[in-house]
Amino acid sequence: MTAAAHRPATLEDVARVAGVSRSTASRVIAGTGFASPAARELVTAAVDQLGYVPNPAARALVRGGGGGVRMVVAVLGTSAAVLDDPYVHRVVGSVARVCTPSGVGVALHWLPLDDPRGLDQLDDRSVCGVIMVNTTEDLLESVPRSLRGRVVSIGVGSASVPSFDVDNGAGSEEVLRHLYATGRRRIAMVTGPRWLPCAQRPVQTYRRLMSQAGLPERVLPGDFTAARGRVAAGVALRQWPDVDAIYSISDDTALGVMAGLRDAGVRVPDDVAVAGFDDIPLAGLTAPALTTASHPVGRIATAAATALLDGRPSAPVTLFPSALVARASA
């Protein structure tokens, strides 16, 4: 039975049947780049056998012209500084690893928070797909009809835009339960930006767990930066002198919290435990090393890019698990 008998054939199916690499099969199908006559013959036969229909990237290569074909990572933010975020760099790097073998370039595009209509600029033949990052409901509503089917979201999605994201609600629950299990009862939380929907899941988890345990809620606004974390530490100590743990839904913010506590002469974790979320490389190198939860950014971005490149239908929501990474800070 061929792959086409039970599901649409993919480029990987063609490459396997032809006995060539995925990149060779892509070049033959797109009609670009070098491939030997023998390889072209094998790929053409496999396409006929499987009934393969080229994915959006290959179709764009055929019709796109001299500008090349690109996958766009479109990031929503309050300023262009969001493009410097290491998280965004990890997304772009992972997308490039998926796209490069198919001859598809990767472009980074800033979408201003106060005017997300910048997606209109991406509606051209050279764009085979758009991966939205920091997605909001307003951004989802602004997706041009002509781009639908070529857009996915890292964050919240909609009926027409599949989403790929970390299960930060469950990951936050693991961290908070760890803090409780180690005896912490006066736990403050530093949030992410209020405008970002996916950042609200950990806040909902925190409120639910504090309510279930009969503990006070102590929530401070955050923005994923270390500077805000440093400020939040000082605010927490002034508002709640008995605070014994601070959880931030960003490792960068948690590192700022640790710096703020150090400024105030507060010991971590002896006086106040600190935990974050993301498990960035620096988290294991601090003193003390930061307790956090994993965030498989690379896997998420790879899945999002692969879904667009292969042109296959995706589940409305794909959540990737997050696990506790217990270290010395909590």
Handout entry: Residue satisfying condition, being within 30 Å of Pro316 (Cβ to Cβ) and surrounded by fewer than 24 Cβ atoms within 10 Å (Cβ to Cβ), within set Pro202, Pro216, Pro197, Pro241
Key = Pro197
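Quick test for you: out of Arg125, Arg150, Arg177, pick the one residue that is touching a residue at least 12 places away in the same chain (Cβ under 8 Å) and under 21 Å from Pro269 (Cα atoms).
Values: Arg125 fails: under 21 Å from Pro269 (Cα atoms); Arg150 fails: under 21 Å from Pro269 (Cα atoms).
Every option except Arg177 fails the conditions.
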Practice task
Please enumerate the residues belonging to the stretch 94-115 that are in contact (Cβ under 8 Å) with a residue 12 or more places away in the chain, under 30 Å from Val28 (Cβ atoms) and not aliphatic (A, V, I, L, M).
Solution key: Ser94, Arg97, Cys99, Pro101, Ser102, Gly103, Gly105
Handout entry: Ala188, sole failed condition from (1) touching a Lys or Arg at 6+ places or on another chain (Cβ under 7 Å); (2) surrounded by fewer than 23 Cβ atoms within 10 Å (Cβ to Cβ); (3) part of a strand (DSSP E or B); (4) not aromatic (Phe, Trp, Tyr)
Key = (2)
Exercise for the section: Name the single residue, out of those in the stretch 27-56 being modelled with pLDDT under 80 and among the hydroxyl-bearing types (Ser, Thr, Tyr), that is nearest to Ser314 (Cα to Cα). Expected result: Thr32
Problem - Filter result for the condition that a residue is under 24 Å from the mean Cα position of the chain (by Cα) and either hydroxyl-bearing (Ser, Thr, Tyr) or buried (at least 17 other Cβ atoms within 10 Å of the Cβ) (or both), over Gly260, Gly284, Gly256 - result: Gly256
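Hey, among the residues in the stretch 287-299 that are within 11 Å of Arg327 (Cα to Cα) and among the hydroxyl-bearing types (Ser, Thr, Tyr), which one's surrounded by the most Cβ atoms within 10 Å (Cβ to Cβ)? Give the derivation first.
Of all residues in the stretch 287-299, those within 11 Å of Arg327 (Cα to Cα) come to 287-293.
Those left that are additionally among the hydroxyl-bearing types (Ser, Thr, Tyr): 291-292.
On the way: Thr291: 26, Thr292: 30.
Restricting to residues being within 11 Å of Arg327 (Cα to Cα) and among the hydroxyl-bearing types (Ser, Thr, Tyr), the top hit is Thr292.
Quick grid of which residues meet (1) in a helix (DSSP H, G or I); (2) in contact with a Gly (Cβ under 8 Å, 6 or more places away or on another chain); (3) in contact (Cβ under 8 Å) with a residue 12 or more places away in the chain:
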{"position": "Gly234", "(1), (2), (3)": "yes, yes, yes"}
{"position": "Ile246", "(1), (2), (3)": "no, no, yes"}
{"position": "Gly265", "(1), (2), (3)": "no, no, no"}
{"position": "Leu282", "(1), (2), (3)": "yes, no, yes"}
{"position": "Ser314", "(1), (2), (3)": "no, no, yes"}
{"position": "Thr318", "(1), (2), (3)": "no, no, yes"}
{"position": "Ser322", "(1), (2), (3)": "no, yes, yes"}
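The values are calculated or read from the model by the stated rules, or taken from the named source; none is laboratory data. Keep in mind it's a predicted model, so treat the numbers as computed, not measured. FYI the Cβ positions are ideal-geometry reconstructions off the backbone, even for glycines, and counts take in every protein chain you see.
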